[in-house]
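None of the figures in this text is laboratory data; all of them are computed from the coordinates on show. Just so we're clear, the structure is a prediction, and the values are computed from it rather than from any experiment. Because the Cβ atoms are built from the backbone with ideal geometry, glycine has one as well, and the counts that use them run over all protein chains shown.
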Amino acid sequence: MAGDGGKQEARKDMATKKQGGSSSRTIRKDGLIVVTGAGGFIGGALVRYFWDKGFTRIRAVDKKPLYDWYQRTPGVECVSADLSERENCTRVCQDAWEIYNLAADMGGMGFIERFRVECLRSVLVNTHMTEAAWRAGAERYFFSSSACAYNTELQKDPKAIALKESDAYPAMAERGYGWEKLFSEMVCQEYWAERGMKTYIARFHNVYGPWGTWDGGREKAPAAICRKVIEAKETGKLAIEIWGTGEQTRSFMFIEDCVKGIDMITHCEELTAVPINLGSSELLSINALVSLAEEIGGVRLKRRYDLGAPQGVAGRNSDNTFIKKVLGWEPSTPFRAGLTKTYRWIEQQYKDRRAGRRTVRDTV
């Protein structure tokens with residue numbers, strides 16, 4: 001197999017040298033790029049991003065049947081496979097140049113809190129994928145981690161301190177999903193330290209935008225709030241249910257910033273095996289999110305607060321000091337601009353569904 005013999009020995013030697021450096025990329029438009037989780041929101045957007053940049057060999061992988069993928073890019077090889085099975089990982093990594101692993105069972109806070117076992121089982125995906133990537137001789141391996149990996153003791157106040165990368169330790173991650181991400185980060189780091197495979201780790205902070213999940217139970221707050229406002233407006237039932245007090249705070253990153261950030265991180269030598277925040281530093285409350293969605297929709301709603309619903313940590317924000325230092329860049333799409341695009345897209349999805357046309361939707 002491509003990763004055996006001399007190539008693995010060369011990478012071990014490179015790992016021993018541990019050379020850092022600035023951003024670099026060897027452009028190989030014909031090198032095979034593998035994106036897992038490609039039938040979902042971020043993965044599907046990443047596939048289209050690389051295709052639009054002129055990369056001609058892309059293998060998109062997701063366990064959902066092809067007809068349930070959120071978006072499919074014409075010309076891209078699409079594979080339906082469950083990557084919790086080792087044999088499938090070996091198959092999809094064959095001949096890969098770069099691998100972007102975004103495959104995981106996840107969703108909004110409702111899903112994360114109610115289905116911790118499913119979230120934990122995603123550890124199988126990254127464990128099998130890192131081994132398969134190394135054996136295949138992949139040049140680079142990207143892992144999508146999460147801000148849920150951060151110590152929850154630091155997130156009990158809505159006036160959230162911005163979390164810097166070192167705040168993941170001492171470890172006290174969110175149960176289920178957060179612990180899976182933290183352990184998988186360590187797997188990636190050890191494959192670089194011991195076996196010389198270049199790995200890259202980004203901790204996502206609440207990604208949103210068009211083509212994302214907007215109903216079905218796995219949607220995140222921006223999409224859920226937009227859908228609720230649109231539904232209230234369309235039905236004339238001018239009320240909205242908000243999970244928790246509405247005082248919880250978060251930062252939200254627009255999808256276009258996310259895929260650009262993934263590309264930049266994965267091609268920065270200084271970030272090899274180094275977890276880094278990938279998120280906006282624009283903090284706002286859920287109540288403020290609702291107010292903005294109402295403004296975009298041109299409606300005012302009566303608010304009902306469900307204090308027994310899943311609501312996650314009280315506050316979380318991204319400290320972007322490190323990413324600005326290393327890359328000279330940070331996610332910068334203003335939330336108002338990103339939410340306006342998202343609202344209009346979900347509004348069209350909602351109308352299409354009511355008219356009996358196919359829409360992007362979550363499948364469980």
| remark: With label points set 7 Å from each Cα along the Cα-to-Cβ direction at Leu307 and Arg91, the distance between them in nm comes to 5.2 nm
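P(r) tail for region 252-349, what percent of Cα pairs lie past 19 Å?
Working: 2587 of 4753 pairs.
The proportion of pairs with Cα distances above 19 Å equals 54 percent.
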| field | Degrees separating the helix 286-297 axis from the principal Cα axis of the chain, which is the longest one | value | 70 degrees
| Which is farthest toward the positive dipole end of the chain among Gly37, Tyr177, Ala138, measuring Cα position about the Cα centre, with Cβ charges +1 (Lys, Arg) and -1 (Asp, Glu)? | Gly37
| field | Between region 274-323 and region 143-190, the alpha-carbon center distance in angstrom | value | 18 Å
| Counting other C-beta atoms within 10 Å, which of Met172, Met253, Met264 has the fewest, and how do the rest follow? | Met172, Met264, Met253
| said: Just to confirm my numbers, what's the Cα centroid distance between region 62-89 and region 241-256 in Å? | reply: 30 Å
| said: Can you report the principal axis dimensions of the chain using only the alpha carbons, biggest first, rounded to whole angstrom? | reply: 67, 45, 37
| For Arg57, distant residues with modelled amide H under 5 Å away | Ile33
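Summing Lys, Arg as +1 and Asp, Glu as -1, what charge do residues with Cβ under 15 Å from the Cβ of Met186 carry, Met186 excluded?
Numbers: positive: Lys181, Arg195, Arg203; negative: Glu131, Glu165, Glu180, Glu185, Glu190, Glu194.
Value of the local net charge: -3.
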| By per-residue mean of other Cβ atoms within 10 Å, what is the highest-first order of 285-292, 229-236, 180-187? | 180-187, 285-292, 229-236
| task | Starting with the highest mean, order 307-319, 272-284 by the number of other Cβ atoms within 10 Å, averaged over the residues of each peptide. | result | 272-284, 307-319
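Over all directions, average the projected area of the Cα convex hull of region 194-307 and note it in nm². Display every interim value, and only then the final one.
Numbers: hull surface 36.6 nm².
Mean projected area for region 194-307: 9.2 nm², to one decimal.
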| HN-Hα J in Hz across region 34-42 - Karplus 6.51, -1.76, 1.60, θ = phi - 60°, x for Gly and Pro | 10, 10, 9, x, 6, x, x, 5, 5
| remark: Helix 123-136: inclination vs the chain longest Cα principal axis, degrees, rounded to 10, gives 30 degrees
| remark: The relative contact order of region 205-364, taking Cα pairs under 8 Å that sit 6 or more residues apart, comes to a percentage of 38 percent
| note | Note on the chain: contact order normalised by length, alpha-carbon pairs under 8 Å, 6 or more apart, percent, works out to 19 percent
